[in-house]
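What follows is one structure encoded as structure tokens, with my remarks underneath.
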Amino acid sequence: NAGVMQNPRHLVRRRGQEARLRCSPMKGHSHVYWYRQLPEEGLKFMVYLQKENIIDESGMPKERFSAEFPKEGPSILRIQQVVRGDSAAYFCASTGQGNTEAFFGQGTRLTVV
Amino acid sequence: DQQVKQNSPSLSVQEGRISILNCDYTNSMFDYFLWYKKYPAEGPTFLISISSIKDKNEDGRFTVFLNKSAKHLSLHIVPSQPGDSAVYFCAASANSGYALNFGKGTSLLVTP
């Protein structure tokens with residue numbers, strides 16, 4: 001399966017804990033995007049990364065959220081000290097160089113209790 | 001600020017008829033538009049796209065129309081099938097695919 005892989009599919013965290021969401025882009029893709037979908041809302045852009053570089057993080061909350069896409073391994077979205085409002089579905093998408101259609105993973109559903 | 005708007009949260013259509021999903025946008029810098037289909041507990045799946053240099057793009061049962069002067073696009077599905085029942089998201093970008101702006105989605109139900 002050469003699609004965008006996200007894990008875990010479901011993640012439950014207590015308030016104050018850390019959440020780590022992983023995304024492996026499609027084979028051959030080097031651009032990764034993270035989106036968040038709150039209940040009854042559309043997907044909201046968070047961050048755009050290329051290998052080892054953050055290109056645009058204008059959609060990321062200023063505190064507690066960070067993202068990386070190392071030279072080796074998956075992209076990681078990290079949420080520190082989670083709060084109930086962080087509960088959402090987090091989707092990762094990838095594109096190749098020059099491609100315009102983003103392919104999405106199945107998402108990670110984060111629940112903060 | 002919602003730059004991409006899908007004003008109909010839901011739509012019900014009979015099998016075999018045409019489904020028309022609408023989308024409006026406010027940012028005149030948008031130059032690339034996409035439609036995604038999403039089933040519950042799954043990620044969005046790319047359906048069809050259109051560049052701002054065109055006003056129509058067709059792929060099988062799916063056609064997207066773009067009216068730049070009205071900042072409006074629509075997705076036509078004909079004939080509609082029960083398997084088309086899903087949430088449809090309209091998305092737009094200002095750099096041909098970079099940082100998509102999504103609408104809130106329209107839930108389509110195709111009844112037999």
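Read the figures in this text as sums done on the coordinates, not as results from a lab. It should be emphasised that the depicted structure is a prediction, and the values quoted were computed from it without experimental measurement. Every residue, glycine among them, receives a Cβ derived from its backbone with ideal geometry; neighbour counts consider all protein chains shown.
Below is a table of values for the structure above.
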item	result
Some residue of segment B:96-111 being surrounded by fewer than 17 Cβ atoms within 10 Å (Cβ to Cβ), within 13 Å of another protein chain (Cβ to nearest Cβ) and not in a strand (DSSP E or B)	yes
Number of the exception - B:Phe30 against (1) within 14 Å of chain A (Cβ to nearest Cβ); (2) in a strand (DSSP E or B); (3) among the aromatic types (Phe, Trp, Tyr)	(2)
Strands (runs of 3 or more DSSP E) fully within segment A:32-113 counting 1 or more residues that are within 13 Å of chain B (Cβ to nearest Cβ)	A:43-50, A:53-56, A:88-95, A:108-112
Matching residues in segment B:33-53 - criterion: being of a type in the set (S, T, N, Q) and either assigned to a loop (DSSP other than H, G, I, E, B) or more than 13 Å from the chain's Cα centre (by Cα) (or both)	B:Ser51, B:Ser52
Residues of segment B:57-80 that turn out to be touching a residue at least 40 places away in the same chain (Cβ under 8 Å) and either assigned to a strand (DSSP E or B) or touching a strand residue (DSSP E or B) at 6+ places or on another chain (Cβ under 6 Å) (or both), as a count	8
